[in-house]
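Asks: Below you'll find the structure I mean.
Since every read-out is calculated from the coordinates, none of them should be taken as a lab result. Just so you know, these numbers come straight off a predicted model, no measurement behind them. Glycine gets a Cβ as well: all are built from the backbone with ideal geometry, and neighbour counts include every protein chain shown.
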Amino acid sequence: MAGTDSLFARYRHAQLLVAVALLLLVDPFLSGYVGTRILDAFLIVTLISAIVACASSRRHIVIGVSLAVCVMVALFLRERGKIESADLALSLLAICFFAYVIALVLGSVFRDERQVSLNTICGGLSVYLLLGLLWAFVFAVLESAVPHSFEGIDHTGGTGYRRFFAFSFVTLTTLGYGNVVPLTARAEALAFSEAIVGQLYLTVLVARLVALNLLHGSDRVEP
């Protein structure tokens, strides 16, 4: 059991990376067959994976679990239609959760910077994807608070976070399809700030981690 626990700890950032990647891929490929609730299910899996990845102390676990439970409750209330502002509450709670996880994973990455491993690089890449998730919820909050801040958003069934996934990552990577367009100054500011953060993050942090890994000549996975 100890060996299994140690192996699981070593791959905690890698499993978070896989969970986030699956969250992004499941909706376009599976929702047409099993319904849109599959996205909420994978969001819960991502929450659990994020908690495991950040489980470096009891305090971090307690805070992470508390925030994750709040997000799950908001998901349940939205599905049941218990409160009108469930979408907004869900997005706000998810922003708090993912911001907390990003801070913890980045802290772990910086601590491991002198001995960069594959797990460290996975942590850096996980943060990049988490930034895209975080901004998707930020866009959802803005659209809920100020309707029609974006053009090209389907408002059928509300302004849930799933409607901003593609736009967020298109913006993060500066791909810019143009099918969704910010219409207000606030929306534009959020969009270009995400693009700037995404490019700086890749060129500064992730590139540095990969270079350090090659420099050290180590492919070992360290906890």
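Asks: Can you check what the net charge comes to around GLY178, using other residues whose Cβ is under 14 Å from the Cβ of GLY178 (Lys, Arg +1; Asp, Glu -1)?
Replies: -2
Asks: Still on this structure: Determine the sum of side-chain charges near LEU24: Lys and Arg each +1, Asp and Glu each -1, restricted to other residues whose C-beta is under 15 angstrom from that of LEU24.
Replies: 0
Asks: How much net charge surrounds PHE139 when only the other residues with a Cβ under 11 Å from the Cβ of PHE139 are counted, with Lys and Arg +1 and Asp and Glu -1?
Replies: Residues close to PHE139 contribute a combined charge of 0.
Asks: Work out how much length ILE196 to VAL62 would gain on full extension: take 0.36 nm times their residue separation and subtract the Cα-Cα distance, in nm to one decimal.
Replies: Gain in length upon complete extension: 45.0 nm.
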